[in-house]
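Quick note: the coordinates plus some simple rules give every number you see, no bench work behind them. Bear in mind the structure is a predicted one, so any value in this text is a computation, not a measurement. Virtual Cβ from ideal backbone geometry, glycine too; neighbours counted across all protein chains shown.
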Amino acid sequence: MSDRTAMSAHDTKPPALLTTSGRIFLAILVAAAVLVPALNLLTSPDAFLHVPTYVVSLLGKYLCYALLALSVDLIWGYVGILSLGHGAFFALGGYAMGMYLMRQIGTRGVYGDPVLPDFMVFLNWKQLPWFWHGFDLFPFAALMVLLAPGILALVFGWFAFRSRVTGVYLSIITQAMTFALLLAFFRNDMGFGGNNGLTDFKDILGFNIQSDGTRAVLFALSALALAGGYVICRYLVRSHFGKVLIAIRDAEARVRFTGYRAENYKLVAFVVSAMLAGVAGALYVPQVGIINPSEFSPANSIEIIVWVAVGGRGTLVGAALGAVLVNYAKTYFTSGMLAPYWLFMLGGLFVAVTLFLPKGIVGTFYDWRARRTEARQVAPEAESLPPAGEPKPAE
């Protein structure tokens, strides 16, 4: 290697942690975390700028979905793992938070039992199952929000990646995983509320979960969690670790040939992605007021893929944007005459994006901006060249 080559390799700097679009994205989230609660709590209900509480909760739900989409984009956009079972990790995080909220009800439940949740009293349970112990403490519940999806992803990924299951086969078994959990959580004897799930929450950390102030704080936490999730993902994908992930996505066999243990890199990314999905589920539950087995539905996991595809796979910001846009459309169209046709519209949207915007909204914008920048750089060089047919000046 020549001195010039060595010097250029030494001087090469990793890409910036935050791009311009990333800074704008974080600025919007921080501003929303401050302004939306302020406009809800500090303005009169009759004021033009007042944000109703139901809108605050709705926007908070969108942000949770955005964090979920971000977690999927980390493994699909940068590792090439198309997970059709990420709804399972979202639901496990939600159930961990729901179990904590159920333990806070105490004697305020319908049956007034200080220990057993109402559904256990109704089903004639005599004592609290062992796996419910500790969920009366918020730190333990918060830890389980990370560990429950994280451990499942670790075990599943360890077997799947070391067996070198890839492509459509991996997608199918992730879908089978979430469907198996769906069937298990539907059973009343599992101890998670059966098909009714967990609901009728009263408070969180001693604060009334239905109050405007609590709803505003939950929204702000959702916005900050999304910002934090973006920074974590961005840090991973810009590092050497992230470069290996991208190489695995593009040519896994070559990465293995160079000596990297591709399965270990994929496993770490998969576990981090599952934990982010669990955090999204934990923030989602207190804002919607219920968690039930339907969150494990494979259709939900497929819908997450649509969000990421619409926004732009491999862009992070695009995944979050796609989640917000698609779910806003879902809210709008399912509240009127078009409600029965929403799934057809969603399928049509996915087909249209695949055909006409294969890189998604943000990915297409990035390509357009790159071509425009390149054209601006080429134009001065073209102007400096002598016109065709004129002799060049003698040197």
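Once you reduce region 75-128 and region 249-290 to the center of their Cα atoms, the two points are 22 Å from each other. Among the helices of the chain, those built from whole DSSP H runs whose Cα atoms reach 15 Å or more along their own axis and whose mean Kyte-Doolittle hydropathy is at least 1.6 are 20-41, 138-162, 167-185, 342-356. Site pair residue 243 and residue 338 shows an inter-label distance of 4.6 nm when each label is modelled 7 Å from Cα along Cα→Cβ.
Place +1 on the Cβ of every Lys and Arg and -1 on the Cβ of every Asp and Glu in the chain, take the dipole about the Cα centre, and give the residue among 131, 159, 331 whose Cα lies farthest towards its positive end. Most positive-ward Cα: 159. A Förster distance of 41 Å, applied to the separation of the beta-carbon atoms of residue 41 and residue 154, puts the FRET efficiency at 0.50. Computed over region 166-270, the P(r) tail beyond 20 angstrom holds 67 percent of alpha carbon pairs.
Of the trypsin sites (Lys or Arg not before Pro) found in region 234-263, the ones in coil according to DSSP and having at most 13 other Cβ atoms within 10 Å of their Cβ are 261.
Among 339, 319, 180, which one shows the highest mean-square fluctuation when the chain is modelled as a Gaussian network with alpha-carbon springs under 10 Å? Highest fluctuation among the options: 339.
Sorting 305, 248, 172 from the fewest to the most surrounding beta carbons within 10 angstrom yields 172, 305, 248. Each residue, residue 297 and residue 372, gets one label point 7 Å from its Cα in the Cβ direction; the gap between the two is 4.0 nm. By the count of neighbouring beta-carbon atoms within 10 Å, fewest first, 374, 295, 252 end up ordered 374, 252, 295. Full extension of the chain segment joining residue 111 with residue 250 gains 44.3 nm, where the gain is 0.36 nm per residue of separation less the Cα-Cα distance. Assuming charge only on the beta carbon of Lys and Arg (+1) and of Asp and Glu (-1), the dipole of region 227-375 about its Cα centre is about 540 debye to the nearest 20.
Sparsely packed loop sites in region 248-321 (the chymotrypsin sites (Phe, Trp or Tyr not before Pro) outside DSSP H, G, I, E and B with at most 15 other Cβ atoms within 10 Å) comprise 260.
Using C-alpha pairs under 8 Å with a sequence gap of at least 6, the mean separation divided by the residue count of region 19-299 gives a relative contact order of 39 percent. Shown is the FRET efficiency for residue 351 and residue 168, computed with R0 = 22 Å from the Cβ-Cβ distance and rounded to the nearest 0.05: 0.75.
Altogether, the Stokes-Einstein calculation at 4 °C and 1.567 mPa s, with the Kirkwood radius of region 19-299 over Cα pairs as Rh, returns a diffusion coefficient of 65 µm²/s.
Backbone N atoms of region 213-241 closer than 11 Å to the 7 Å Cα→Cβ label point of residue 31 are not found in any residue.
Residues 48, 159, 140, ranked from the fewest to the most other C-beta atoms within 10 Å, line up as 48, 159, 140.
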